[in-house]
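Quick notes on the structure that follows.
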Amino acid sequence: MFPLLEAVITMSDFKSLKVLDKFKFAFQKANIDYPMMREILHIKLLMDARRVPTIFNEAKERSGNQFLKSLWIYALMGLILIPFLFGEHFIFQMSILFSIVMFIVMTSMISDFSSVLLDVRDKMVLNTKPIDPKTINAAKVIHITIYLVFLSVAFVGIPLIVGLFNHGVIFFLVSLLCFMFINILVLILTAIVYITILRFFDGEKLKDIINYIQILLSISMVVGYQLVARSFNIVNLDISYTFEWWHTFMPPIWYGAIYDMIMNGTVNQTYSILATLGIVVPFLALALYVKLIPSFERNLEKLLTNSGKHKKAKDWWMKLFSQLIVRKKQEKIFFDFAGRMIRNERDYKLKVYPSIAMALAFPFIFIINDLILRTMEEIREGNMYFAMYVCFMMIPAGVQMLQYSSTEKGAWIYRAAPIEDIRVSHRATLKAFFAKLFIPVYLILSLIFLLIFSERVAPFLIGLLLSATVYARICYHIFFKKSLPFSESFKVAQSKQTGEAFGMLALIVLFGVIHYVANIFSYGLIIHGLILLVVNILIWRK
Amino acid sequence: MCKSDEVVLSIKNVSKSYGATQVLNSINLEVYKGQIIGYIGPNGAGKSTTVKMMLGLITEFEGNIEIFNHNIKTGGAAYKSRIGYVPENGEIYDSLTPLEYLSFVGGLYGMNNEEIIHKTSELMELFDLEDMLHTRISSFSKGMRQKVLIIASLIHNPDLLFLDEPLSGLDANSMMIVKEILEQLANQGKTIFYSSHIMDVVEKISNRIVLLTNGEIVADGSFEQLQQQSKEGSLEEIFNQLTGFDQHKEIANQFVSIVRSGDNNV
C-alpha cells in the first residue's frame, strides 16, 4: 500500500557517513545527538547528489554529485606541488606548498561552501523541529568538512605519496597533521569573518558586504601567495630565511617552520614561535567559533530582513557605451539588462572579480619578477609589455559565468517576449561584459603601460584590444553552446566546462605569440591589426 | 458586458506528450474577445502546459494554435507583443530592481524608456510600492513580487493575458484591486486566461469556465451552464463531480487516523 516507505528504507547510504560513524564517540562526548546529526547529513548529501536540471535543456539531466565529479581537476592541479617536495629547504618549500594549499582550500571554501555556511533555509526546516541547535551546527560544519576532506585528499594525495617516498614516514605523518590544521584554520577563519560582518550589517547591505569580503578574501589569497614567494630570496640559489615580524601573520610559514624543526632539527626561538602558532591558533579559532555560534545563528536572521529606501544606481558609463557600440533597439535593451545583471548578480561578481584582480595585478608581477634580472631602464626598452596579454584571463572567467543566474527561472521572459532573433541577446551580453568589465581593466593597464613604456606601445595596445574582441567572441562561442545568457543555475556552474576553460587559457598564449611574431617584422603590426579588424567585423556581424 | 464574436485564440486538435505520458489529448478551444476564461483542473491536468504552448515556452506539440489569427508555429514572434503573462511560481530575475526589470521587459515589448519609467512609477505607486522602485526584488515579500509581475504583464497594454495563480501571496485588499482590474480590462475588450486552484475566485470573476482533466476538456461554459448540467451548487462541487472525485471524506478520515496512530506510543 505504501511503496514510498520501501523506497525510503532502501535509500542508499553514503560511505563518508560510514567513516564518520567511527568517530561517533567524539560527538557524543561533545553532547551532540549523533543519530540526529547523521540523519541531517544524510539528507544534505542526498540533495547535493541531485542537481536541478536547467529549464531549457529539459532532457539533459545531469545526475550524481557534481562536486565529487570535479575532484579530478584538483588532483591534476595538485601535481604542481610535487617540485616543492624535493630538497631540504623545508621552511621555504613547505611554506610555498602550504600557501598553495591554503589558497585552493580557501577559494573553494569561499566560492562553493559559503552558501552552506550562510544557509537560511536550514532555519525554516530544522530549527522548527525539536533538535538541539548544537547538533544542527555540528551537522553544518561536518557537511563542509566532508567536502574539504575530499578536496584536500584529491589535491594533496599524490604529492603526499611522493613525499612519503622522498622524505619518509615522519614527513608523511607530520603532513597529515598539518593539512588537518590548515583545513580547520581555513574553515573556522572564514566562519569567523562572516560572524563579524553579520554583527554589524543587515539586509541587502549585508549581502553586498559579504559579497565584497568574499571577493576581497579571494584576491588577498592571490596577493598573499605572491608575498610568501617573495619573502624568500629565490634568485640566489642558496635560499636563506630571515625572520620578519609580519611572518607571524602568514600561516603557511608557521607550517614551514614545523617541518624545518622536525625534519632538519633546526631549533631556534623564531621557529618555535612560528610552530607553536601553527598548532595553537587552529584550536583557539575553534574555541572562539564555538563561543560565537549562538550569536551567529541569531544574526543569520538578518539576511532575511529588508531595510528602507534605496537610491537609483548611476550608470553613465554604460549609457555612454550603449550609444557607442550598440545600434539596434532590441540589442540596446539586452545590453542594459546584461549590464545590470553583471552589476547586481552577487554570485557573478564572486566568481569573476577575483580573476579581474588577477588580470590587473599579474602583468605587473611579471614585470617586477623581471626586475631581478634586469634594470628598470632595460625593461622600459624591451618587450615586457607583452605581459599585458595576461589580462585576457579575465575573459573566459567572465564570459563563462554570463550563462548563469541565481534566479535562472526568470528566463521564461526570453520566450514569452516578442523577440525575433535571440542571437541579439548574445551579442549584446558580450558587449555589456566588455563595456562593464574589460574596458575599464584595459584602460587602467594601458595608461600605466604607456607611462612605463612610453607612447611607442600605443600600436601594440590597439592590436591587443582587437585580439581581445576576437578572443572573447571565441570564448563566448565555446561556452554558450546552447544556453541563453543568465538562463542556467549557478549551482551547476562550478564543475562544468573546466576543460573548455583550460583550453581557453591556452588560447591566450597563442594570441600573444602571434602578436609577438608579427611584432618582429616590419609592417607586421599593421598587417596583424588589419587581419584582426577584418576578423572582428566578420564575427561580430551576427 | 462587451463581448464580441471576434476569435482571439483558437486551439485545434492540440496534443502533447512527454515520452509515453500523454499530457494533452486533442484539445479544441475557441476564445472570444472580452472573455475571462477560468481555466481550471486538477494538478497535472495539463493547464500550465497549454499556457506555455500558447506563449511559445513549449514549441513542440501536435495540432495548431492560432492567436490573433496567426498560427504561432509559423507566424513568428510578433504576436507575443500583444500578450501578457504572469508565471505561476513568481519566477523573476530578482537581483534587479523593479524599475530595471520592468525596463527590460517593457523594452522587449518595444516600449520606449520614458513611457516605461512613467508607467512603472505610477503603477508601483498605486500598489503602494513607490519606495521600492530601486530596491532589489530579491528582498521583496511574495505579495510584493507578485505585484511586480502583474505590472510586468500589463505594462505594454496587451490584448490577451495569461495569468497563472495571479493572486497568490496578495493580501485581501490587493486581491480586490486586482480582481477589479481584471473585470475592467475585460469590459474594455481584453481577453483573460485565468488559471487557478481557488474555485471561489474563479466562480466569481470568470464569465466562462473551462475544466481540463487528464488532458481533455470535460466542461466548457458559463458558471450557470455548468450548474445546470451537473446539478451542483458551487464550482468546487462541480469540479469534484467532473473530475470524478468523491472520496475527500474517506481520505481525510484515513489521514487523521494515520496522524493519530502514533499517539499510543507516547
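The table below lists the values:
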| read-out | value |
| --- | --- |
| Region B:15-68, residues that are β-branched (Val, Ile, Thr) and open to solvent by less than 50 Å² (accessible area, probe 1.4 Å) | B:Val23, B:Ile27, B:Val31, B:Ile36, B:Ile37, B:Ile40, B:Thr49, B:Thr50, B:Val51, B:Ile58, B:Ile65, B:Ile67 |
| Verdict on B:Lys119 being more than 15 Å from the chain's Cα centre (by Cα) and farther than 22 Å from B:Lys47 by Cα | yes |
| Candidate set: region B:84-100, residues that are more than 7 Å from chain A (Cβ to nearest Cβ) and in contact (Cβ under 8 Å) with a residue 24 or more places away in the chain; chosen: the one surrounded by the most Cβ atoms within 10 Å (Cβ to Cβ) | B:Pro98 |
| Unmet criterion (only one of (1) within 11 Å of chain A (Cβ to nearest Cβ); (2) surrounded by fewer than 20 Cβ atoms within 10 Å (Cβ to Cβ)) for B:Leu126 | (1) |
| Within region B:64-83, considering residues that are outside any helix (DSSP H, G or I) and within 9 Å of chain A (Cβ to nearest Cβ), the one nearest to the chain's Cα centre (by Cα) | B:Ile83 |
| Single residue of region A:242-265 satisfying the filter (without any contact (Cβ under 8 Å) to a residue 40 or more places away in the chain and surrounded by 13 or more Cβ atoms within 10 Å (Cβ to Cβ)) that is farthest from A:Phe179 (Cα to Cα) | A:Phe243 |
| Selection count, region A:43-64, where residues are of a type outside the set (Gly, Ala, Ser) and either surrounded by fewer than 12 Cβ atoms within 10 Å (Cβ to Cβ) or modelled with pLDDT of 85 or more (or both) | 4 |
| Test: residue in region A:304-321 that is in a helix (DSSP H, G or I), within 14 Å of another protein chain (Cβ to nearest Cβ) and in contact (Cβ under 8 Å) with a residue 24 or more places away in the chain | yes |
| Only one of A:Ala397, A:Ala411 that is crowded, with 20+ Cβ neighbours inside 10 Å and within 22 Å of the chain's Cα centre (by Cα) | A:Ala397 |
| Answer residue from region A:320-340, given it is of a type in the set (Lys, Arg) and at pLDDT below 90 and is most open to solvent (accessible area, probe 1.4 Å) among those | A:Arg327 |
| Breaking point among (1) within 14 Å of chain B (Cβ to nearest Cβ); (2) touching a Ser or Thr at 6+ places or on another chain (Cβ under 8 Å); (3) surrounded by fewer than 19 Cβ atoms within 10 Å (Cβ to Cβ); (4) not basic (Lys, Arg), for A:Ile422 | (2) |
| Test: B:Arg136 is modelled with pLDDT under 95 and over 18 Å from A:Lys311 (Cα atoms) | no |
| Test result for B:Asp131, touching a Lys or Arg at 6+ places or on another chain (Cβ under 9 Å), open to solvent by 30 Å² or more (accessible area, probe 1.4 Å) and within 11 Å of another protein chain (Cβ to nearest Cβ) | yes |
| Which listed residue, of A:Leu151, A:Leu185, A:Leu198, is more than 22 Å from A:Ala287 (Cα to Cα), buried (at least 21 other Cβ atoms within 10 Å of the Cβ) and among the aliphatic types (A, V, I, L, M) | A:Leu151 |
| Every residue from region B:231-265 that is hydroxyl-bearing (Ser, Thr, Tyr) and touching a strand residue (DSSP E or B) at 6+ places or on another chain (Cβ under 9 Å) | B:Thr243 |
| Pairs with Cβ under 8 Å, 6+ apart, first in region A:325-337 and over 19 Å from B:Thr97 (Cβ atoms), second in a loop (DSSP other than H, G, I, E, B) and open to solvent by 10 Å² or more (accessible area, probe 1.4 Å) | A:Lys329/B:Gly110; A:Gln330/A:Ile419; A:Gln330/A:Glu420 |
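The values are calculated or read from the model by the stated rules, or taken from the named source; none is laboratory data. Small disclaimer: the values here were computed from a predicted structure and weren't measured. As a convention, Cβ positions derive from the backbone with ideal geometry for all residues, glycine included, and neighbour counts pool all protein chains shown. These area figures cover heavy atoms from the full protein model, side chains too; ligands, DNA and RNA do not enter into them. Shrake-Rupley method; radii C 1.70, N 1.55, O 1.52, S 1.80 Å.
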